[in-house]
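*Asks:* Dropping a structure here in structure tokens format, bear with me for questions.
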Amino acid sequence: MGNVHVLDHPLIQHKLSYIRNKHTGTKEFRELVDEVAMLMAFEITRDLPLTETTIETPVTTANTKVLAGKKIGLIPILRAGLGMVDGMLKLIPAAKVGHVGLYRDPETLKPVEYYIKLPSDIEERELIVIDPMLATGGSANDAIQSLKKRGAKNIRLMCLIAAPEGVESVKQEHPDVDIYLAALDEKLDDHAYIVPGLGDAGDRLFGTK
Ligand code: PRP
Ligand code: URA
């Protein structure tokens, strides 16, 4: 069964409070999401395998460790997921980036896929699906399903904020997927918005309404 990891590092929690605040404007919101994504990338990569190497320091020969070269793919769900990509690439610059375009139909609340473009070797990669919000879980479930249909084997999901309903739904549909969150909130409201949440992540990132 996939595990749920709430990344409660003080810097993440501090910045998340400003992200949630309705008085935080687009520029600052975008910068904070970028910073939190970078901090979350630090936590989510804790288990990357290392390999031994030998190097010359100015003093002596030393046996040290470097990343074993596990291939990573970042898969933002358009459009709000885009806001977290650059922050993650600051720490994982060699990652390839695929895109899944989904929007949530405001009437049915069901996700509608309109775009997909992925690295050619997704079956060999550790994929991290990125979306700031996990509300009903419909968008994340569809994106993960799309990746699996195309051969993906190792998938993690990273979100800023989730509702319990979304977490349960992903756990049911994709029990193999580990979920990484900055916060697990209280509930969904009648419009399937996360409470207390941060509002509409895409609109706040891109200044639309
Ligand atoms: C938001 C958010 C997630 C989705 C979460 O996207 O970024 O993708 O809703 O809701 P769910 O868990 O109930 O599916 P939205 O549909 O608003 O599209 P946008 O990113 O283009 O603004
Ligand atoms: N999408 C958002 O952007 N915010 C929510 O609270 C739920 C879905």
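*Asks:* Looking at segment 180-209, I want the residues that are on the phi > 0 side of the Ramachandran plot and within 9 Å of ligand 2 (Cβ to nearest atom) and have a partner that is outside any strand (DSSP E or B) and open to solvent by less than 20 Å² (accessible area, probe 1.4 Å) with Cβ atoms under 7 Å, at least 6 apart or on another chain. Which pairs are those?
*Replies:* A192/A135; G197/D185
*Asks:* Can you pull out the residues in segment 97-130 that are in contact with a helix residue (DSSP H, G or I) (Cβ under 9 Å, 6 or more places away or on another chain), modelled with pLDDT of 95 or more and farther than 16 Å from I144 by Cβ?
*Replies:* Across segment 97-130, the qualifying residue is only V97.
*Asks:* Right, something else. Kindly establish whether G137 is over 24 Å from M38 (Cβ atoms), modelled with pLDDT of 95 or more, within 11 Å of ligand 2 (Cβ to nearest atom) and touching a helix residue (DSSP H, G or I) at 6+ places or on another chain (Cβ under 6 Å).
*Replies:* yes
*Asks:* Sort through L78, L16 and tell me the only one that's closer than 23 Å to D200 by Cα, touching a His at 6+ places or on another chain (Cβ under 7 Å) and modelled with pLDDT of 95 or more.
*Replies:* Just one listed residue meets the conditions, L78.
*Asks:* Also: For a quick check of your reading: which helices (runs of 4 or more DSSP H) sit entirely within segment 107-209 and have at least 2 residues that are under 13 Å from the mean Cα position of the chain (by Cα) and surrounded by fewer than 16 Cβ atoms within 10 Å (Cβ to Cβ)?
*Replies:* none
*Asks:* Anything in segment 24-83 that is under 19 Å from A162 (Cβ atoms) and assigned to a loop (DSSP other than H, G, I, E, B)? List them, or say none.
*Replies:* If the condition is that a residue be under 19 Å from A162 (Cβ atoms) and assigned to a loop (DSSP other than H, G, I, E, B), then R79 is the only one that fits.
*Asks:* Something else now. Quick check: is even one residue across segment 52-63 of a type in the set (D, E, K, R) and surrounded by 10 or more Cβ atoms within 10 Å (Cβ to Cβ)?
*Replies:* Checked segment 52-63: no residue is of a type in the set (D, E, K, R) and surrounded by 10 or more Cβ atoms within 10 Å (Cβ to Cβ).
*Asks:* Any idea which of (1) closer than 30 Å to R204 by Cβ; (2) touching a residue at least 40 places away in the same chain (Cβ under 8 Å); (3) basic (K, R) is the one K27 doesn't satisfy?
*Replies:* (2)
*Asks:* In this structure, is V177 aliphatic (A, V, I, L, M), out of contact with any Lys or Arg (no Cβ under 6 Å at 6 or more places or on another chain) and within 16 Å of ligand 2 (Cβ to nearest atom)?
*Replies:* Spelling it out, it is not the case that V177 is aliphatic (A, V, I, L, M), out of contact with any Lys or Arg (no Cβ under 6 Å at 6 or more places or on another chain) and within 16 Å of ligand 2 (Cβ to nearest atom).
*Asks:* Are any residues in segment 109-134 of a type outside the set (A, V, I, L, M, F, W, C) and away from ligand 2 (no atom under 14 Å from the Cβ), and if so, which ones?
*Replies:* Of everything in segment 109-134, those that are of a type outside the set (A, V, I, L, M, F, W, C) and away from ligand 2 (no atom under 14 Å from the Cβ) turn out to be E113, Y114, Y115, K117, P119, S120, D121, E123, E124, R125, E126.
*Asks:* Those residues that are of a type in the set (K, R) and either surrounded by 13 or more Cβ atoms within 10 Å (Cβ to Cβ) or in a helix (DSSP H, G or I) (or both), I need them from segment 6-23; list them, please.
*Replies:* The answer is K15, R20.
*Asks:* Regarding Q145, is this residue at negative phi and either within 13 Å of ligand 1 (Cβ to nearest atom) or modelled with pLDDT under 95 (or both)?
*Replies:* Judged against the criteria, Q145 is a match.
*Asks:* Which of the residues belonging to segment 15-32 are aromatic (F, W, Y) and farther than 14 Å from M84 by Cα?
*Replies:* Answer for segment 15-32, where residues must be aromatic (F, W, Y) and farther than 14 Å from M84 by Cα: just Y18.
The values are calculated or read from the model by the stated rules, or taken from the named source; none is laboratory data. All figures in this text were calculated on a predicted structure; none of them were measured in a lab. Ideal geometry is used to build each Cβ from the backbone, glycine not excepted, and the neighbour counts take in all protein chains shown. Ligands, DNA and RNA are excluded from the accessible area calculation, which covers all protein heavy atoms including side chains. Shrake-Rupley method; radii C 1.70, N 1.55, O 1.52, S 1.80 Å.
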